[in-house]
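Read the structure below first, then the notes.
The values are calculated or read from the model by the stated rules, or taken from the named source; none is laboratory data. The model shown is predicted, which means the values in this text are computed figures rather than measured ones. Cβ placement follows ideal geometry from the backbone for every residue including glycine, while neighbour counts extend to all protein chains displayed.
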Amino acid sequence: MKEDPGFYDYWPYENRPRITWPGGARLAFWVAPNIEFYELDPPPNPQRKAWPQPYPAVPGYSIRDYGNRVGHARQMAVLDRFGIRGSISLSTALCDHHPEIIAQCAERNWEFFSHGIYNTRYTYGMSPEQEREMILDSMQSIHRHTGQHCAGYLAPALSHSELTLDLFAEAGTELAGADAGFYTCDLFHDDQPTPIRTRSGKAFASIPYSLEMNDTIAYVVNRIEPRRYGQMLKDNFDRLYREGEVSGTVMCIPTHNYQVSCPHRLHAFEEALEYITGHSDVWVTTGREIARHYLDHHYQQSLADIAARSGGH
Amino acid sequence: MALDREHLQYPRRGYGMDHDRYDWSMLSQRNPVQWPGGAQLALWVNVGLQFFPLNQQGKPFAVPGGMTMPYPDLRHFSLRDYGNRVGIYRFLRAFDEYGIKPTFAFNTRLAERAPYLLERILARGDEIICHGWDMDSLHYGGMDRQQEAELIERSLGRLRQLSGQAVNGWLSPARNESPHTPDLLAAHGVRYFCDWVNDDMPYVFRTDAGELVAMPLSSELEDSFVIMNNLHSEQSWLEQVSDACDFLLQEARSSGSGRILALNIHPWMLGQPHRIGKLEQALAYIMSRSGVWPASAGEILDAWQRQNK
């Protein structure tokens with residue numbers, strides 16, 4: 001075990017080279033719906049239990065199924081209303097289980113990125129070969145079902161190994177060279193994209209995917225009231241929008257159809273989206289497009305600035 | 001270091017669900033359902049009438065809302081009992097004032113222990129469903145099937161005997177089930193159960209003794225979930241219910257299909273003097289909207305089944 005994962009160097013938020021977004025936008029805004037499949041009876045991982053109760057865990061399983069049966073269509077209608085293309089963090093087995101959802105998202109040209117095979121299969125205890133196989137399987141599933149080269153990764157249930165990002169970057173290269181496997185949502189260290197060091201040396205970025213704005217963290221972990229969640233989204237936007245005048249920022253709202261799309265919660269989310277997209281100079285986009293723009297236009301200058309400010313480390 | 005091979009094998013990775021209990025179906029793609037009188041929103045107020053025994057066994061877990069202190073936990077025992085002595089009578093007044101048609105989910109043991117309360121509910125003509133034996137008699141994975149069959153037989157049989165009602169509905173304590181619970185319920189003449197929270201409308205659930213209907217009783221809007229689990233204020237519960245009501249009415253209009261607002265509430269929670277006003281305000285708000293049909297769970301089920309043969 002290491003003291004630090006070693007993905008990035010310390011890089012102060014002040015006085016960085018300016019990030020510019022397309023059209024002169026101050027803030028890149030993306031919504032990342034997690035579309036997940038949880039198994040009712042998964043093989044038990046030695047390090048983490050999938051469910052608190054013995055099989056069948058009806059409460060946990062059934063509310064997650066609600067997201068797919070009921071919540072997805074609601075959230076999609078709201079995103080349509082504001083012209084937002086979702087960037088889906090996908091349990092890729094869902095391509096097999098629920099192809100109707102995949103077809104609806106593909107029709108809208110939403111982005112699909114990998115969130116593993118099932119959200120009840122954890123990385124813990126996998127050999128590097130097994131993790132590579134799982135990641136490649138997930139990326140190939142996306143390609144087979146949607147034609148997209150998977151650009152991003154969020155580890156299933158945020159379960160990682162030390163090699164997760166290396167293996168993802170390499171699986172992307174194997175699948176489609178530089179056109180796949182070039183960003184991660186697994187790190188929460190910044191409000192701007194940052195370069196990430198992987199062992200293959202590939203140009204690779206971390207794109208801000210906020211845990212603080214994540215509906216499940218807000219509703220389940222922090223137990224926030226729905227209307228307050230809506231206000232938090234607006235406050236988060238206001239500050240990042242203001243700071244984006246100096247250098248482009250990123251705001252992400254990660255969602256789950258079984259949380260945000262409940263009848264007592266959807267309105268607060270909708271109001272926040274109306275507020276955010278009602279501003280000028282907001283680039284409403286996807287995770288892949290943010291990562292691509294950053295790697296093409298700002299990655300090299302970031303590396304140079306980090307090197308210059310790292311005091312020779 | 002490596003996991004066993006089964007961790008990278010996916011035997012149920014195929015179309016539909018990863019089990020055979022019900023079909024995969026998106027609510028947005030189903031045929032519309034019409035409620036009687038052209039109503040858009042059925043209001044199902046479900047009242048949990050619960051008995052939490054002092055000598056709680058906690059098998060396989062301590063039921064939420066149950067005893068947490070060393071025996072004898074007089075504090076939690078009596079606070080829950082408060083609901084059945086005091087809080088419930090505030091509920092009944094509120095239901096009458098706002099024209100609500102409630103459904104009462106009785107722990108059978110409470111029906112035995114509080115005959116006055118049972119008679120009072122029966123005299124109103126309201127529907128009773130079975131909420132299991134008591135809150136400490138959980139149905140759970142690993143439970144012996146014969147033992148569970150006996151528990152279900154006793155819970156349903158005794159409640160039917162005491163109430164004289166058919167008792168068609170079931171809500172498991174803590175909504176917990178064993179792998180056999182739905183099969184045993186169907187075998188004992190239950191028509192619908194309310195444990196699964198994966199839908200906002202009824203759907204057909206398969207058992208080895210024929211079909212059940214899963215009725216959508218939201219846990220996310222439940223008083224104890226919002227106030228006790230999430231520690232939200234009473235005012236916030238009222239806002240959440242109002243927002244859910246508005247949203248479901250709007251979805252009913254835009255989809256052309258009736259919807260259900262299901263409120264699962266408990267007299268030991270909302271029946272407190274400082275909370276009852278919020279329940280009254282919630283009921284007043286819902287009933288002030290046009291297109292609301294206050295109905296029992298069984299009436300909603302009947303209306304749905306007539307259109308979903």
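Here are a few things to note about the model shown:
- Being at positive phi and modelled with pLDDT of 95 or more holds for only one residue in B:GLY83, B:GLY87, B:GLY99, and it is B:GLY99.
- Pick from the range B:91-134, criterion touching a strand residue (DSSP E or B) at 6+ places or on another chain (Cβ under 7 Å) and of a type in the set (Gly, Ala, Ser), ranking: nearest to B:ALA297 (Cα to Cα): B:ALA105
- Test: residue in the range B:36-45 that is within 14 Å of another protein chain (Cβ to nearest Cβ), over 25 Å from the mean Cα position of the chain (by Cα) and of a type in the set (Gly, Ala, Ser): no
- Selected residue (only one of B:MET1, B:MET26 is within 12 Å of chain A (Cβ to nearest Cβ) and modelled with pLDDT under 95): B:MET1
- Looking only at the range A:38-49, and only at residues there that are among the charged types (D, E, K, R) and free of Cβ contacts under 8 Å to residues at least 60 places away in the same chain, the one that is nearest to the other protein chains (Cβ to nearest Cβ): A:ASP41
- Residue within the range A:51-65 that is of a type in the set (S, T, N, Q) and within 27 Å of A:TYR183 (Cα to Cα) present: no
- Some residue of the range A:168-190 being within 14 Å of chain B (Cβ to nearest Cβ), without any contact (Cβ under 8 Å) to a residue 12 or more places away in the chain and within 23 Å of A:GLY116 (Cα to Cα): no
- In the range A:121-165, the residues that are free of Cβ contacts under 8 Å to residues at least 40 places away in the same chain, more than 14 Å from A:ALA176 (Cα to Cα) and not in a helix (DSSP H, G or I): A:MET126, A:SER127, A:HIS160, A:SER161, A:LEU163
- Looking at A:GLU162, A:GLU174, just one residue is acidic (Asp, Glu), closer than 20 Å to B:HIS7 by Cβ, modelled with pLDDT of 95 or more and surrounded by fewer than 19 Cβ atoms within 10 Å (Cβ to Cβ), and that residue is A:GLU162.
- Residue in the range A:53-71 that is of a type outside the set (Val, Ile, Thr), in contact (Cβ under 8 Å) with a residue 12 or more places away in the chain and over 30 Å from B:LEU171 (Cα atoms) present: no
- Residue among A:ASP238, A:ASP186, A:ASP137, A:ASP215 that alone is over 18 Å from the mean Cα position of the chain (by Cα), within 22 Å of A:ARG121 (Cα to Cα) and not hydrophobic (A, V, I, L, M, F, W, C): A:ASP137
- Condition met for A:GLY125 (within 14 Å of chain B (Cβ to nearest Cβ), out of contact with any Phe, Trp or Tyr (no Cβ under 8 Å at 6 or more places or on another chain) and at positive phi): yes
Let's see how each residue does on (1) within 16 Å of the chain's Cα centre (by Cα); (2) at the interface with chain A (Cβ under 8 Å from one of its Cβ atoms):
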{"residue": "B:GLY169", "(1), (2)": "yes, no"}
{"residue": "B:LEU184", "(1), (2)": "no, no"}
{"residue": "B:VAL190", "(1), (2)": "yes, no"}
{"residue": "B:ASN198", "(1), (2)": "yes, yes"}
{"residue": "B:ASP208", "(1), (2)": "no, no"}
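- Some residue of the range B:7-16 being assigned to a helix (DSSP H, G or I) and within 14 Å of chain A (Cβ to nearest Cβ): yes
- Given (1) crowded, with 22+ Cβ neighbours inside 10 Å; (2) farther than 23 Å from B:TRP35 by Cα; (3) away from chain A (no Cβ under 11 Å), index of the condition B:GLN146 fails: (1)
- Those residues of the range B:113-126 which are in a helix (DSSP H, G or I) and closer than 16 Å to B:ARG80 by Cβ, in sequence order: B:ARG113, B:LEU117
- Test: residue in the range B:52-69 that is at pLDDT 95 or above, outside any loop (DSSP other than H, G, I, E, B), surrounded by fewer than 15 Cβ atoms within 10 Å (Cβ to Cβ) and among the hydroxyl-bearing types (Ser, Thr, Tyr): no
- Checked against (1) away from chain B (no Cβ under 14 Å); (2) surrounded by fewer than 15 Cβ atoms within 10 Å (Cβ to Cβ), A:PRO52 meets all criteria but (1).
- In the set A:LEU79, A:LEU90, only one residue is touching a residue at least 12 places away in the same chain (Cβ under 8 Å), closer than 28 Å to B:ARG5 by Cα, within 20 Å of the chain's Cα centre (by Cα) and more than 7 Å from chain B (Cβ to nearest Cβ); that residue is A:LEU90.
- The residue that is farthest from A:GLY287 (Cα to Cα), among those in the range A:191-225 that are in contact with a His (Cβ under 7 Å, 6 or more places away or on another chain) and charged (D, E, K, R), is A:GLU225.
- Considering residues of the range A:227-280 that are small (Gly, Ala, Ser) and over 21 Å from A:ALA77 (Cα atoms) only, the residue surrounded by the fewest Cβ atoms within 10 Å (Cβ to Cβ): A:SER280
- Any hit, the range B:24-34, residues being assigned to a helix (DSSP H, G or I) and in contact (Cβ under 8 Å) with a residue 12 or more places away in the chain: yes
- Selection from the range B:72-112 of residues that are in a loop (DSSP other than H, G, I, E, B) and closer than 18 Å to B:HIS131 by Cα: B:PRO102, B:ASN107
- Total residues in the range A:65-76, condition at the interface with another protein chain (Cβ under 10 Å from one of its Cβ atoms) and either surrounded by fewer than 21 Cβ atoms within 10 Å (Cβ to Cβ) or under 30 Å from A:SER280 (Cα atoms) (or both): 5
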